[in-house]
Amino acid sequence: MTNTLDLLRTDRVLTVVRAPEIADARDLCAALVAGGIHVVELTFTTPDLPRHLERAASTTDETGAVVGAGTVQTGLQAQQAIDAGAQFLVTPGQGPEASAIAAAAQTAGIAVMFGAFTPSEVMSALALGSSAVKIFPAHQLGPKYLKDLRGPFPEVQLVPSGGINAGNARDYLEAGALAVSAGTDVVSPADVSAANWQAITAKAKAFVAAIN
């Protein structure tokens, strides 16, 4: 659990992969790590996610990545991800099975980041035991909103997601984010499906350079 948050605190970025197909999850992780991004979130919007997650998680000793599952919406998905080797879970929000997701993560001893947007949702996420809180969709109100949230929640680790790119990521970090989620700006679905690893490494390097 600590490992994921420590890496986020160091890297200040994680990558969210949304693609119709992943050519090779191990090579994808290796490409991202080569670009300076170590925390990788594979999402349940990708068909047959547990297979890709298992491939990525079983090769972390080779790649150096920390791999987790995103868009987790049910207790079953949480358990499938954990069984496949996920080292953290991320949700888009807090649905009827939020407690089951939290329980699965707690039992497995891994971090969970619940999605939230409003102050009330941030409080609910914390009550569920969220290790950090994902603010989604962050781009709707921008970095200033994140700074406003830091007022009542100065100790909460906030991770904005949605619409983050190399051009605005630093603004969110300066507003108090623990880290930012990099999506298609780094891992375009086309590159992931076509095994265009060199392009992904180059985009990851550019993103990391923009926030350092």
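Every number in this text was worked out from the coordinates using simple rules, so none of it is lab data. Everything quoted here is computed from the prediction, not taken from an experiment. As a convention, Cβ positions derive from the backbone with ideal geometry for all residues, glycine included, and neighbour counts pool all protein chains shown.
For this structure, a couple of remarks:
- Residue with peak Gaussian network fluctuation, the chain [Cα springs, cutoff 10 Å], from GLY68, GLY95, GLY176: GLY95
- The residues GLU174, GLU155, when put in order of fewest to most other Cβ atoms within 10 Å, stand as GLU155, GLU174.
- Distant alpha-carbon pairs in the stretch 52-129 (separation over 18 angstrom), percent: 37
- Neighbours of THR91 by Cβ distance under 12 Å: Lys/Arg scored +1, Asp/Glu scored -1, total -2.
- Local net charge near VAL186, Cβ-Cβ under 11 Å (Lys/Arg +1, Asp/Glu -1): 0
- Proxy reagent accessibility, fewest Cβ within 10 Å first, across VAL66, VAL13: VAL66, VAL13
- Formal net charge of residues neighbouring LEU49 (Cβ-Cβ distance under 13 Å; K, R +1; D, E -1): -2
- Radius, Kirkwood style, for the chain when every pair of distinct Cα atoms is counted (Å): 16.6
- Residue of THR63, THR118, THR184 that the Gaussian network model of the chain assigns the largest fluctuation, springs spanning Cα pairs under 10 Å: THR118
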